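Structure, as structure tokens:
The values are calculated or read from the model by the stated rules, or taken from the named source; none is laboratory data. Since this is a predicted model, take the numbers as computed values, not measurements. Heads up, the Cβs are rebuilt from the backbone with ideal geometry, glycines too, and the neighbour counts pull from every protein chain shown. Heavy atoms of the whole protein, side chains included, go into the accessibility calculation; ligands, DNA and RNA do not. Shrake-Rupley method; radii C 1.70, N 1.55, O 1.52, S 1.80 Å.
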Amino acid sequence: MKVVSFTGKSGTGKSFQATALAQRRGFDAIIDDGLLIYKGQIVAGSSAKKCSSKAAAMRTALFNYEDHREEVKAAIERYAPEALMIIGTSDRMTDIVAAQLGLQTPEERIYIEDVTTEEERKIAAHYRLDEGEHVIPAPVGQLRRDFAGYFMDPIKQFINKARGNAVEDGTKDDDDDKDGKNDRTVVRPTFSYFGSFSISEQVIRDIIRIAAEKYDTHLVVVDRMNNGKQINMSVTIDVMAIRDPASVDKCIELQRDVFDALATMTAFTIESVNVRIRDIVKDREEMLSRRLH
């Protein structure tokens, strides 16, 4: 397995550039922020951004916790990537991560200055340090063209799974792009030691809407709300359901799907997802009629 490092000061846009760089160079795995990302999906580890202090975040990013370290080491062995890129703020940091995970010292070193201009790094630093912005609400199609983010593939897979589509990686769901359904997505950046993480309310709404589409024979979402927390988020979904015992099962399935989607796509800690039946109608025709009005 080839091991390379990708380094740059905090806030210079490493995570923004990481996936595109990995795709260009054929690196099928990334170590970043305490996580192992394999072919665009988080497969092991714990994000340092969940930590309550800078010290704990650093220990997580450096794999100082034994259970965390062993989990990621086992996943690397299981997935056996051909090339793995370690992201860090310095060569010393990436060397420590490599040693902690039982990997060889990176044989190639790539620096953020190699792949971005000074102006691009200034812009990245502004949004990270001054604005504290970590969520990118943008069309999925635009993200595929212009943005390197870890959650492009999982969101695409979730949308296709929710709608029952069998779309291979690298293809485009043109119908969704045309009608604007895929109007926002989430990109998870590296932990910021400055400012706080936030996630657009619209992003949460979009995830719920997409998850609910496959249950529209029995229920429709009429309202959504969350507790406003980015850590330990609680979400409540109000639905209108037809008078059918199966509707209860559909609510339970929707609850599970939304919980899994939020946890996977945002990497935040989801405390709870609740589904409440606000209204009951006799059949689907009445449900759709009342939804329109």
Exercise. Within segment 1-29, can you find the residues that are within 18 Å of the chain's Cα centre (by Cα) and not aliphatic (A, V, I, L, M)?
Worked result: Gly13, Lys14, Ser15, Phe16, Gln17, Thr19, Gln23, Asp28
Exercise. Can you tell me which residue in segment 1-36 is modelled with the lowest pLDDT, limited to those that are at negative phi and of a type in the set (D, E, K, R)?
Worked result: Lys14
Exercise. Are there any pairs with C-beta distances below 6 angstrom linking a residue in segment 67-86 that is in contact (Cβ under 8 Å) with a residue 60 or more places away in the chain to a residue that is open to solvent by less than 50 Å² (accessible area, probe 1.4 Å) and part of a strand (DSSP E or B), with the two at least 6 apart or on different chains, and if so which?
Worked result: Pro81/Ala29; Leu84/Val3; Leu84/Ala29; Met85/Val4; Met85/Phe6; Met85/Ile30; Ile86/Ser5; Ile86/Ile31
Exercise. Quick one: would you say Glu66 is over 20 Å from the mean Cα position of the chain (by Cα), open to solvent by 60 Å² or more (accessible area, probe 1.4 Å) and more than 25 Å from Ile270 (Cα to Cα)?
Worked result: no
Exercise. Does Gly45 fit the bill of being open to solvent by less than 30 Å² (accessible area, probe 1.4 Å) and at pLDDT 85 or above?
Worked result: yes
Exercise. Within 21 Å of Thr105 (Cβ to Cβ), of a type in the set (Ser, Thr, Tyr) and in contact (Cβ under 8 Å) with a residue 40 or more places away in the chain - does that describe any residue in segment 7-23?
Worked result: yes
Exercise. How about segment 1-27: which of its residues are in a loop (DSSP other than H, G, I, E, B) and among the small types (Gly, Ala, Ser)?
Worked result: Gly8, Ser10, Gly11, Gly13, Gly26
Problem set entry | Wholly enclosed helices (runs of 4 or more DSSP H) of segment 192-293 bearing at least 1 residues modelled with pLDDT under 90 and closer than 30 Å to Gly8 by Cβ | 201-212, 246-266
Seminar exercise, completed: Residue hits (segment 36-50; in contact (Cβ under 8 Å) with a residue 60 or more places away in the chain and under 16 Å from Val97 (Cβ atoms)) are Ile37, Ser47, Ala48
